Amino acid sequence: MRRLTETEMSESLSSLNGWKLDGKFIVKKYRFKEFLKGVSFVNDIARLSEDQNHHPFISIDYKLITLKLTSWHAGGLTDLDMSLAKKYDEIFENY
């Protein structure tokens, strides 16, 4: 797995909605109207992440879910991080 260059990272990030660069991570916060909807979203994210064997940091703060992605083995962000961020957004659209 190859780490993205600064240019590739900027291009990929510009195609994502609401994801922000934070050091070696990309981060996004998702807000839900109900606590249990957020927990269901986290379960969906967890299943996809397990299938891909690539796991985000997940914080549940009542109705606010924060996801952080990076690729430890590559020492930064990769295409897999960007691809999963897009898929996480698609899952969120169902809520």
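The values are calculated or read from the model by the stated rules, or taken from the named source; none is laboratory data. Computed from a predicted model, the values in this text were never measured in an experiment. Counting neighbours? That spans all protein chains shown, and the Cβs are built from the backbone with ideal geometry, glycine included.
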- Query: Which condition breaks for TRP19 when tested against (1) under 19 Å from GLU93 (Cα atoms); (2) of a type outside the set (D, E, K, R); (3) surrounded by fewer than 17 Cβ atoms within 10 Å (Cβ to Cβ)?
  - Reply: (3)
- Task: Starting from residues that are out of contact with any Leu (no Cβ under 9 Å at 6 or more places or on another chain) and of a type in the set (A, V, I, L, M, F, W, C), keep the ones in the range 1-41 and report whichever is nearest to GLY76 (Cα to Cα).
- Result: LEU16
- In the range 54-93, residue farthest from VAL27 (Cα to Cα) [restricted to those that are modelled with pLDDT under 95 and surrounded by fewer than 14 Cβ atoms within 10 Å (Cβ to Cβ)]: HIS73
- Collect the residues in the range 31-42 that are closer than 13 Å to PHE92 by Cβ and of a type outside the set (D, E, K, R), keeping them in residue-number order. PHE32, GLY38, SER40, PHE41, VAL42
- Task: Within the range 73-82, identify whether any single residue is touching a residue at least 60 places away in the same chain (Cβ under 8 Å) and hydroxyl-bearing (Ser, Thr, Tyr), and answer yes or no.
- Result: yes
- Note on the structure: Restricted to the range 13-69 and to residues being assigned to a strand (DSSP E or B) and among the hydroxyl-bearing types (Ser, Thr, Tyr), the residue farthest from MET1 (Cα to Cα) is TYR30
